[in-house]
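Worksheet: the structure to be examined is printed underneath.
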2 protein chains.
Amino acid sequence: MTVDTDVLLMAETPPARRGRRRRGGEKAGPDLFPQKPFRQPRHIYKPLEAVSADELEAIHDASMRVLEEIGIDFLHEEARDLLRAAGADVAPGSERVRMDRAMVAELVAMAPTEFTIRARNRAHDLHVGGDAIAFSCVASAPNAVDQDKGRRPGNQEDYRNFLKLAQFFNIIHCVMGYPVEPVDLHASVRHLDCVADLARLTDKVFHIYSLGRERNLDGMEIARIANGLSEAEFVNTPCVATVINSSSPLRLDTPMLQGLIEMAKAGQVSIVTPFTLAGAMAPVTVAGALTLQNAEALAGIAFAQIVRPGAPVVYGGFTSNVDMRSGAPAFGTPEYMKAALVSGQLARRYNLPFRSSGVCAANTVDYQAALETTLSEWGAINGGAHIIKHAAGWLEGGLSAGFEKFITDIDLLQKIAEYLTPLDVSEDALALDAIRDVGPAGHFFGTQHTQDRYKDAFYAPIVSDWRNFETWEEAGSPTAHDKANRLYKKALEAYEPPALDPAVDEEITAFVERRKAEGGAPTDF
Amino acid sequence: MTVDTDVLLMAETPPARRGRRRRGGEKAGPDLFPQKPFRQPRHIYKPLEAVSADELEAIHDASMRVLEEIGIDFLHEEARDLLRAAGADVAPGSERVRMDRAMVAELVAMAPTEFTIRARNRAHDLHVGGDAIAFSCVASAPNAVDQDKGRRPGNQEDYRNFLKLAQFFNIIHCVMGYPVEPVDLHASVRHLDCVADLARLTDKVFHIYSLGRERNLDGMEIARIANGLSEAEFVNTPCVATVINSSSPLRLDTPMLQGLIEMAKAGQVSIVTPFTLAGAMAPVTVAGALTLQNAEALAGIAFAQIVRPGAPVVYGGFTSNVDMRSGAPAFGTPEYMKAALVSGQLARRYNLPFRSSGVCAANTVDYQAALETTLSEWGAINGGAHIIKHAAGWLEGGLSAGFEKFITDIDLLQKIAEYLTPLDVSEDALALDAIRDVGPAGHFFGTQHTQDRYKDAFYAPIVSDWRNFETWEEAGSPTAHDKANRLYKKALEAYEPPALDPAVDEEITAFVERRKAEGGAPTDF
């Protein structure tokens, strides 16, 4: 517990008056924001079930019939060869692959139920599965947005600033994708600069994209160097993750299959997440969309086990619905929440870790943004999710990464973590003596029981403005959006790069330079 | 299911262009807002438990020791006489009342586990307990606020407008208190005008304040007339509810005890809700505040059973924490959420219905407002609450009732209701044939399966703005707050007074006029 009210008050004090607290008068210290040390929250409540055991079996059965009777197109010959050799039905000259349920069950059962992904700072190792929860920040947004400069295409500066925020806040446990796509970097070398930044500006577990096998191989090499592992050690140590999205309905494309192959071969983590939007790429019914999600997710997971039995994988659930007026994806809807609960039930049925998301369709940091994001988290947490992606900074259905939204979401995530902390019901906490001492009509503020505890008693919010109306109005009636604008810049000021062995740093530089000299990776993906 | 996309689009159309849809060209029809018919949502998920069975017993035990060893001050001689006669330890010349746990258990066991409160429109009867949930709107705010006129002291016009919104939206199941206090009405007769408005402008179950026995008697009389019941029928038919707040710590004051006595005698409903703010009127620990809450709630509930065994009561949980910097109440905090879960566990331990709240400390309709309100609802719903008060329109820790907040919260409540609707997992919903027909790389939008269902497939939000960024920006970048400003006025336009038998209407008028002529009620409370 590190809630320090003095420190909290400091955040309200203009920089000029904070001189004595600054180190060398140079920059704001990292203690501007009260936060607990890095720690993955634990599921202390039972996951909720949105469907009965029989209904779950009906979804399972329908998805098995999809795999058996309809099949999935695997757009990669090497993958089809592997599948055929493993017993799948692959029609000659066709991309269609059918698997019977016994084969799927046998393969899926090979996947580990839980595992640890190593971070270069071992204190940031990520446990995946069991009762552990990991929050990751927004990923893959084409635009960045803040109040000062508005919405703009992603660029390296914004990319790096988001990485700094992801590193600064202990409630962000991993960086599962580029928070924003830096389109000012050429696509052939972007992955080299970006992954090098992930390895340098953060010391948490990160993600590499499956956009052609070269990018997987380059990303894994940087992760290997950053972790100081030999090649032999690396392939037995999960250090890096990728997300495999199927091209719903019923397709796994070439780069994704290359990614699955390379990651599985190297013992690295694949989070297999179909993007099954009910009413668009999936049936308009939530149960139908979940049937499709389950078929596609298990197809990818089974395939990874063919490549390497025991390859670490995660069951990704991203089923939502579209806005039927526009066809745009909607998030944080009631349908989304129910889909998250059922996705968790399905993942548990197969003893797989479950990935969900903290997402919204709002264009700005308003009531809608909080409502949809919090409802997404409600589904994810009650659904028993292990990795919750996009949990800080996501806006516009993923079309922009917001700096202020990052901060407001941090407050949400820290609150959830506190909600997931067991209540102290010790005799001391029951406070019978304090109640006796105060008696009727008294007040607890001045008691020793309160004085001994008040600093650490409650979660201290980052964003919530609890000043009274008059004071708040005099201050210009700032919204949470306004307050977060000030705070994200303070967090960037307070960021300190994590320590990195200079030899490792040099080795990363050398690798990136060599690969750039070789031309990087093909851009025809 | 009444989601109609044409109707939704209409809400975006200026009134002048909606002429043909208007009835008699006079006012907007009630179909401007897609909403489902009045129906109480059901708990379809298991309540979550924040403490173990042993820990729950520890809280129970500590609260029993409070009642046995410390006691509670009952500031009403008639109440103490009743308690003494029932076996409580009441020291002569003292207000302190001690009860042993056997006596408390015996009395609390007399309270019904569930019951129905009759509404004058029987379609709006309110079930309390079991798996039923009831949402009530903001209550008792001294100020009203909207974007147009800012924050002002409560007045009759705003009061009536909130009642109209409470009537208009089917997701509001009852009106548990004046949404805003109309201070422009003299305190001696305010309750007469206000309760008459409740009985006329709404046809849902309502609440009367316990601010001196005359007000309880007057309010019950209006409820009796509105329900068309004889006096004998009324005392055997719950028709109206009151909230009994203890003056924490450890006191029940005169008006509250008069209210408990009159309501219980008449077989009407008392919602006993201690206001146990951890760090102020309660110990700084959540477990300690819950111990105090439990002692006070059970004292009131046991007392009601002395007055009339079987009197309908509700266990109210309102434990939250203060902002330790200012002493102001905080809401929707992690501590609040955990307290809500434990309060539900306690209520279930005593087989009592459980009341919680949808509250926040935000000054405006921003990310904070949604975050705190949604987290409060998360605690209430996962805690198994039966009545959720303040669920629409509450701002500033209850210091203001917001018109826009009312609308944004309606969206939250409707989403929760939809989340609580069982998922359709029929063969038809599993959509295997649709998946087969579309096959890989297809799209579901044009399929018959989608076309047959799209209108009703998904919850249509009131507030969420799902336009793309460019269109939204061209429209002036409205926040949810801005959109709700437009919508609350449309809802007021669309409001239609519920039918009322003219004879009943006249009887209410006659009663109110007679009581006003008599001078109303004393104002020295």
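Given N residues in chain A, what is Rg(Cα) / (2.2 N^0.38 Å)? Walk me through the intermediate numbers first.
Values: Rg = 24.0 Å, N = 525, 2.2 N^0.38 = 23.8 Å.
Output field value: 1.01.
Would you work out the charge dipole size for chain B about its Cα centre, treating the Cβ of every Lys and Arg as +1 and the Cβ of every Asp and Glu as -1, and quote it to the nearest 20 debye? List each step's numbers first, then the result.
Values: 53 positive and 71 negative charges, 117 e Å.
In debye, rounded to 20, chain B gives about 560.
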Sequence-separation-based contact order of chain B, relative, with Cα cut under 8 Å and 6+ spacing, percent: 19 percent
Aspartates and glutamates whose Cα lies under 13 Å from that of residue A:204, excluding same-chain neighbours fewer than 8 positions away: A:125
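Multiply the residue gap between residue A:427 and residue A:187 by 0.36 nm, knock off their C-alpha separation, and tell me the result in nm, one decimal place. Write down the numbers at each step before the final one.
On the way: separation 240, 0.36 × 240 = 86.40 nm, distance 6.08 nm.
Working it through step by step, the gained length comes to 80.3 nm.
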Dipole axis of the protein assembly as shown (+1 Lys, Arg; -1 Asp, Glu on Cβ), positive-most option in B:153, A:337, B:117: B:153
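Hey, with R₀ at 35 Å, roughly what FRET efficiency would residue A:471 and residue A:437 work out to, going by the Cβ-Cβ distance, to 0.05? Walk me through the numbers on the way to the answer.
Details: r = 33 Å, r/R0 = 0.94.
Efficiency computed from Cβ-Cβ geometry: 0.60.
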Exercise: per-residue mean of other protein chain Cβ atoms within 10 Å, A:272-284: 5
Entries of A:455/A:490; A:46/B:389; A:415/B:149 with Cα pairs more than 29 Å apart: A:415/B:149
Cβ-vector label at 7 Å, residue A:476, separations to other copies in nm: 2.2
Antiparallel %, DSSP beta bridges [both residues in chain B], to 5: 35 percent
Principal axis dimensions, the protein assembly as shown - Cα atoms, whole angstrom, descending: 96, 68, 52
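Quick one: of the DSSP bridges fully inside the protein assembly as shown, what percent are antiparallel, nearest 5?
Of the beta bridges lying entirely in the protein assembly as shown, close to 35 percent run antiparallel.
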Part-to-part distance (alpha-carbon centres) for the stretch A:269-290 and the stretch B:448-491, which is given in Å: 23 Å
Among A:316, A:376, A:286 the positive-end extreme of the charge dipole of the stretch A:239-388 (Cβ point charges): A:316
Span from the the stretch B:123-169 Cα centroid across to the the stretch B:414-437 one, whole angstrom: 33 Å
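On average, how many beta carbons from a partner chain sit within 10 Å of the beta carbon of a residue in B:469-482?
Whole-number average of other-chain Cβ neighbours for B:469-482 is 4.
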Cβ-based exposure ranking for B:253, A:437, in which fewest neighbours within 10 Å come first: A:437, B:253
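Just how large is the dipole of the protein assembly as shown about the Cα centre, in debye to the nearest 20, putting +1 at every Lys and Arg Cβ and -1 at every Asp and Glu Cβ? If you can, show how the numbers build up before the last one.
Details: 106 positive and 142 negative charges, 132 e Å.
Here the protein assembly as shown has a charge dipole of around 640 debye.
Averaged across the residues of A:356-365, what count of C-beta atoms belonging to other chains lies within 10 Å of each residue's C-beta?
On the way: counts 0, 0, 0, 0, 1, 6, 8, 12, 9, 3.
What the average comes to for A:356-365 is 4.
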Using alpha-carbon coordinates, inclination of helix B:403-419 to the longest axis of chain B, degrees: 80 degrees
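Here, each number is a calculation from the coordinates, and none is a lab measurement. Since the model is a prediction, treat every value here as computed from it, not as a measurement. For neighbour counting, all protein chains shown are included, and Cβ atoms are generated from backbone atoms with ideal geometry for every residue, glycine included.
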